[in-house]
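The values are calculated or read from the model by the stated rules, or taken from the named source; none is laboratory data. Given the structure is predicted, the values throughout are model-derived calculations rather than measurements. All Cβ positions, even for glycine, are placed from backbone atoms using ideal geometry, and neighbour counts span all protein chains on display.
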Amino acid sequence: MADFDLAPNGATPTRGAPRARAAEATELHGRRRRLVFRLRRAGRVLERGERVQEFVYGALLAALALVLPSATALGPDELVRRLAGESVPTYGLLLPLAQGLVYTTGATPEQALRVLAAACYGLAFVATLALLRGLGFRRSSSLPAALAAFLAPVAWHGATSPCDFAPGIFGASALLWSLLRLAEVVPRDYQWRAILLLGLALMLRPENVLLLPAVAWAVARHPARPHEATVAYFSVFCVVSISVAISLSGPSEAMRIEHFVVRTLGGGDPSMHAWIDWPVWFVSSFGFALIGLYALLLARRPGSAQRAPRWLVPWCVVALAPMVVGHPRAGPIGAFLVPVMALGLADGLNRTGGRRTERRVGLALIALQLALLAAT
């Protein structure tokens with residue numbers, strides 16, 4: 001039978017009207033699909049451009065740290081002494097990496113370690129910017145926040161000295177990026193990413209082992225498997241603990257364990273005077289980046305605002321452990337606080353208002369941090 005449709009006002013029916021409407025609907029659907037495709041392609045191009053910018057910023061920061069070496073070394077010089085031929089205990093990946101640079105380029109031990117420190121500093125900055133971009137922060141808040149945190153005096157001196165402070169920042173930044181990225185490509189890859197990146201972080205700097213409770217809690221709180229929370233928590237603890245025990249076993253095991261504990265707990269030499277030295281050191285070393293910890297953990301938020309994940313509390317609080325049993329003269333602590341401070345600063349800037357306000361407040365923070373850095 002032929003297709004009919006009543007024309008308006010009771011006019012004579014017309015043939016083929018449903019077919020015309022179907023054709024129009026198909027054409028409209030095609031236009032929508034083409035528009036969605038173009039929007040997605042534009043979004044991918046924009047994201048690719050932001051990634052390139054992040055690597056450029058990281059490379060510039062690493063180059064600046066490399067050409068402006070610190071006048072005095074930060075922390076213990078065990079790696080330099082080991083590369084010079086002395087038999088001193090060391091731990092982690094920096095020694096073989098520095099040895100490779102020394103043998104292939106002919107650089108001195110100090111130069112090789114400074115290259116590694118500057119490179120890790122730049123990569124940590126890239127990972128932090130990627131973390132903030134993934135969370136949806138605007139560049140007007142993420143870039144000033146990351147700069148203010150990474151220009152903290154202890155972070156800058158760690159990046160310009162032959163030590164493992166900047167590599168520790170990189171390990172913690174990569175780990176934090178992974179923990180705040182809940183999407184999984186394959187089942188349980190969130191858990192294994194956390195374990196592997198925590199292992200990398202503590203191989204770059206032993207004090208990152210203090211992050212184990214926070215990482216285990218984050219894995220246990222993953223929304224995809226709430227019924228496996230207890231198993232996931234203890235699996236992270238067991239895998240990382242056994243890996244550390246295996247890495248410390250072997251010849252001179254007692255000496256290696258003592259060295260690991262000393263490097264993890266700020267020297268392991270408690271004293272009453274340290275309770276006065278630590279607060280002064282902490283404020284002078286991190287400066288205005290400490291505002292990020294306040295904004296992230298303590299500042300009031302509107303009822304509709306999303307709070308930081310609860311596992312970030314033990315991530316920050318474990319920095320108190322070296323203060324209880326250590327002393328500032330044993331070396332700097334808190335490399336893992338730098339990316340968290342950047343996150344808190346970005347969150348605080350985001351609550352100040354629009355882009356213009358974010359830029360103004362962010363530039364003021366950077367200026368104050370640079371003034372403190374010049375004074376130290």
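Mind telling me which of the residues LEU248, LEU265 ends up being over 17 Å from LEU320 (Cβ atoms) and of a type outside the set (Ser, Thr, Tyr)?
Of LEU248, LEU265, the one residue that is over 17 Å from LEU320 (Cβ atoms) and of a type outside the set (Ser, Thr, Tyr) is LEU248.
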Residues satisfying the stated conditions in the stretch 51-83, i.e. among the hydroxyl-bearing types (Ser, Thr, Tyr), within 21 Å of ALA98 (Cβ to Cβ) and crowded, with 17+ Cβ neighbours inside 10 Å: SER70
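Check the stretch 330-349 and report whether any residue there is more than 24 Å from LEU132 (Cα to Cα), more than 23 Å from the chain's Cα centre (by Cα) and surrounded by fewer than 22 Cβ atoms within 10 Å (Cβ to Cβ).
Narrowing the stretch 330-349 to residues more than 24 Å from LEU132 (Cα to Cα): 330-332.
So of that shortlist, the ones also more than 23 Å from the chain's Cα centre (by Cα) come out as 330.
Of the ones still in play, those that are also surrounded by fewer than 22 Cβ atoms within 10 Å (Cβ to Cβ) are 330.
Yes, the stretch 330-349 contains a residue that is more than 24 Å from LEU132 (Cα to Cα), more than 23 Å from the chain's Cα centre (by Cα) and surrounded by fewer than 22 Cβ atoms within 10 Å (Cβ to Cβ).
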Only listed residue being out of contact with any Pro (no Cβ under 9 Å at 6 or more places or on another chain) and at pLDDT below 90, chosen from ARG355, ARG360, ARG351: ARG355
Per-region count, the stretch 308-327, residues more than 18 Å from the chain's Cα centre (by Cα) and surrounded by fewer than 19 Cβ atoms within 10 Å (Cβ to Cβ): 4
VAL102 being loosely packed, with under 10 Cβ neighbours inside 10 Å and modelled with pLDDT of 75 or more: no
Members of the stretch 244-292 found to be under 18 Å from ARG329 (Cα atoms), surrounded by 12 or more Cβ atoms within 10 Å (Cβ to Cβ) and of a type in the set (A, V, I, L, M), listed by number: VAL261, VAL262, LEU265, ALA274, VAL283
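Do any helices (runs of 4 or more DSSP H) lying entirely in the stretch 262-376 carry at least 1 residues that are farther than 17 Å from ALA155 by Cβ, and which ones are they? Please lay out each step first, then the result.
On the way: elements: 274-286, 290-293, 312-317, 320-325, 337-350, 355-375.
Where helices (runs of 4 or more DSSP H) fall fully within the stretch 262-376 and carry at least 1 residues being farther than 17 Å from ALA155 by Cβ, they are 274-286, 312-317, 320-325, 337-350, 355-375.
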